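Q: One structure is given below, represented as structure tokens, and several questions about it will come after.
Laboratory data are not the source of any read-out in this text; all were calculated from the coordinates shown. The structure presented is a predicted model; accordingly, all values stated were derived computationally and were not measured. Cβ coordinates were reconstructed from backbone atoms using ideal geometry, including for glycine residues, and neighbour counts include every protein chain displayed.
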């Protein structure tokens with residue numbers, strides 16, 4: 001049988017370092033693959049004016065499965081300032097390559113598991129009865145609609161006349177914004193479609209059924225954002241009633257969910273939301289299990305088979321220049337395990353997860369974040385494990 005080919009997308013900053021560790025762990029666990037590197041990120045924006053070049057799109061279309069490191073995104077003016085001088089006259093506008101990747105390949109389903117490891121010193125704790133300390137087990141999976149909503153990219157500053165005129169037909173726009181000069185108005189849309197809202201809801205319910213979660217929580221704001229959140233809640237009710245009666249449907253507002261996050265996180269199983277609120281909820285739950293060093297994600301399109309697996313942390317460029325890398329690679333390694341699940345290599349994924357759990361429970365090897373240190377180059381001398389040492393410890397358990 002020929003080896004599977006995986007597209008490796010290091011991206012920016014610490015992306016290459018954590019991606020290299022994940023591949024080392026995959027190989028040590030017995031996963032055989034060929035890796036081809038795709039160009040994506042800030043470097044290619046600066047020198048080519050395109051952070052997501054066509055050659056990378058072609059690679060992904062051919063091989064389907066990607067491991068992604070991290071990406072740097074900067075505001076419009078900062079991005080233009082770093083563009084090569086010969087490109088500045090071409091009216092190029094920077095857009096996030098990861099967002100472009102999601103939209104190009106229709107990676108509308110984003111899945112972000114947050115599960116606490118026994119022995120992780122960063123796990124959430126709370127005060128219980130009689131002044132006791134409780135450490136609730138967190139095991140929540142956030143399903144985030146990935147291509148629509150506020151991240152859809154339909155927005156304007158100084159909107160064109162036809163857009164402005166259309167907005168003026170809405171009485172609330174006329175009342176609240178009609179007196180402002182058009183050139184002083186910026187508009188970002190939040191568009192939900194029935195097709196893809198239904199798809200993310202069904203993905204959430206299917207996951208709950210497959211893995212035995214008792215509830216699916218819709219985390220939106222239908223009492224205020226009545227059309228988009230309202231449509232999502234109505235569809236969730238219809239889907240649950242028709243096909244998933246054994247799974248409870250809970251409805252929480254995003255603001256209230258952030259409060260309840262630290263009151264009873266163990267009560268939540270599968271959470272589903274639109275793009276922005278799903279992003280917020282997943283970071284909130286990640287904080288309960290140790291932060292972005294433990295936050296993995298998968299995004300995929302069931303129709304095309306394209307899947308991209310990445311940690312949810314950023315590129316942390318200041319850490320990329322340290323002589324010895326200090327960043328925690330577990331989020332990237334967990335993302336690689338999600339890739340294995342997706343391509344039906346679950347036994348290898350289970351073996352890696354078991355090894356990660358053993359290293360964390362043993363507590364002998366901890367990166368700077370796990371030791372609650374500030375991320376400086378001297379943390380290694382003070383006892384923190386380097387990125388590679390964490391990888392070595394996991395491989396040793398394998």
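Q: Name the most mobile residue of 206, 220, 310, meaning the one with the largest mean-square fluctuation, in a Gaussian network model of the chain with Cα contacts below 10 Å.
A: 206
Q: Sort the following peptides by mean Cβ neighbour count (other Cβ atoms within 10 Å, averaged over residues), highest first: 35-47, 241-253. Can you show the working numbers first?
A: Working: 35-47: 19.0, 241-253: 14.7.
Ranked from most to least packed, the peptides come out as 35-47, 241-253.
Q: Based on the Kirkwood radius over alpha-carbon pairs, what value in µm²/s does the Stokes-Einstein equation return for the translational diffusion coefficient of the range 1-146 at 10 °C and 1.306 mPa s?
A: Working: Rh = 18.3 Å.
My calculation gives 87 µm²/s for D.
Q: Then there is this: Using packing as a proxy for protection, rank 142-153, 69-80 so that the peptide with the highest average count of other Cβ atoms within 10 Å comes first. Show your work: numbers first, answer last.
A: On the way: 142-153: 22.9, 69-80: 17.1.
For the peptides 142-153, 69-80, the packing ranking is 142-153, 69-80.
Q: Just need the relative contact order of the range 239-398 here, percent rounded to a whole number, with Cα pairs under 8 Å and 6+ apart. Intermediate values should be presented prior to the final figure.
A: Values: 166 pairs, mean separation 28.3, N = 160.
It comes to 18 percent, rounded to a whole number.
Q: How much length is gained if the chain between residue 264 and residue 87 is pulled fully straight, taking 0.36 nm per residue apart and subtracting their Cα-Cα distance, in nm to one decimal?
A: Numbers: separation 177, 0.36 × 177 = 63.72 nm, distance 5.23 nm.
That pair, residue 264 and residue 87, stretches by 58.5 nm at full extension.
Q: Could you state, as a whole-number percent, how many of the C-alpha pairs of the range 295-352 are farther apart than 13 Å? All intermediate terms of the calculation are to be shown ahead of the outcome.
A: Details: 1066 of 1653 pairs.
So the pairs more than 13 Å apart make up 64 percent of the total in the range 295-352.
Q: Hey, another quick one. Starting with the fewest neighbours, write out 352, 343 ranked by other beta-carbon atoms found within 10 Å of each beta-carbon. Present the calculation step by step, with values, prior to reporting the outcome.
A: Details: 352 26, 343 18.
Least crowded to most crowded, the residues run 343, 352.
Q: Taking springs between alpha-carbon atoms closer than 10 angstrom, which of 374, 189, 217 fluctuates most in the Gaussian network model of the chain?
A: 374
Q: Another question about this same structure. With bins 5 Å wide starting at 0, give me the P(r) of the range 290-398 over every alpha carbon pair, in whole percents.
A: 2, 12, 20, 23, 18, 12, 7, 4, 1, 0
Q: Another question, if that's okay. Among 180, 313, 207, rank each residue by its count of other Cβ atoms within 10 Å, from fewest to most, as a rough exposure measure. Working shown, then result.
A: Values: 180 9, 313 24, 207 19.
Ranking 180, 313, 207 by Cβ neighbours within 10 Å, fewest first, gives 180, 207, 313.
Q: Could I ask something else about it? How many angstrom lie between the Cα centre of the range 180-229 and the Cα centre of the range 276-340?
A: Each part's Cα centre sits 22 Å from the other's.
Q: Highest GNM mean-square fluctuation, the chain, Cα pairs closer than 10 Å: which of 95, 179, 215?
A: Fluctuation is largest for 179.
Q: Now a separate question. Quick one: pull the percentage of alpha-carbon pairs in the chain with a separation above 37 Å. Can you show the working numbers first?
A: Values: 20333 of 79003 pairs.
Roughly 26 percent, once rounded to a whole number.
Q: In percent, how large is the relative contact order of the chain, given Cα pairs closer than 8 Å and 6 or more residues apart?
A: The normalised contact order for the chain reaches 22 percent.
Q: Could you line up 267, 321 from fewest to most neighbouring Cβ atoms inside 10 Å? Provide the component values of the computation, followed by the final result.
A: Values: 267 13, 321 10.
Placing the least packed residue first, the sequence is 321, 267.
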